[in-house]
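All of the numbers you see were taken from the coordinates with simple rules; none came from a lab. Because the structure is a prediction, the values reported are computed rather than measured. Virtual Cβ from ideal backbone geometry, glycine too; neighbours counted across all protein chains shown.
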């Protein structure tokens with residue numbers, strides 16, 4: 001069975017690039033550009049992995065709040081902050097909100113895919 005990944009990022013180009021990369025690897029990918037497009041209460045679908053940007057639209061901390069909410073509703077689903085913000089404060093916030101990883105967006109696609117595969121292989125269905 002194909003693994004499913006949810007991407008939430010407000011940058012259309014970045015979101016589409018990650019979607020294309022992951023679909024090329026055989027993953028089922030759903031993506032949203034904002035928190036308002038994803039309503040957790042009505043979203044009954046469980047994902048194998050969630051990739052979440054910290055800053056969504058004008059809200060600099062939306063990703064942190066969403067991470068905490070996702071972990072409350074689905075504690076076994078890995079949530080990774082995938083962001084361009086590379087600082088210790090946000091890493092600590094992500095960890096305290098339950099994030100399973102903190103990846104800085106980069107051009108190293110092979111490393112990104114290795115980390116995705118690693119997290120998904122740890123997930124027990």
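Before moving on, here are some points about what is shown:
- If you sort the three axes of the alpha carbon gyration tensor as a ≥ b ≥ c, you get a/c of 1.5 or more for segment 52-125 and a/b no higher than b/c, which makes it oblate.
- Whole-Å semi-axes of segment 49-93's equivalent ellipsoid (Cα gyration tensor): 18, 11, 9
- Estimated from helical segments only, the mean residue ellipticity of the chain at 222 nm is -12000 deg cm²/dmol, where each DSSP H run of four or more residues counts as -39500 (n - 2.57).
- In this calculation the C-beta distance from residue 60 to residue 111 is compared with R0 = 30 Å, giving a FRET efficiency of 0.70.
- GNM result for the chain, Cα springs below 10 Å: residue of 71, 95, 111 fluctuating most strongly: 111
- Here Rg and Dmax of the Cα atoms in Å was computed from the coordinates, and among (i) 24.9, 104; (ii) 13.2, 38; (iii) 18.7, 63 the match is (ii).
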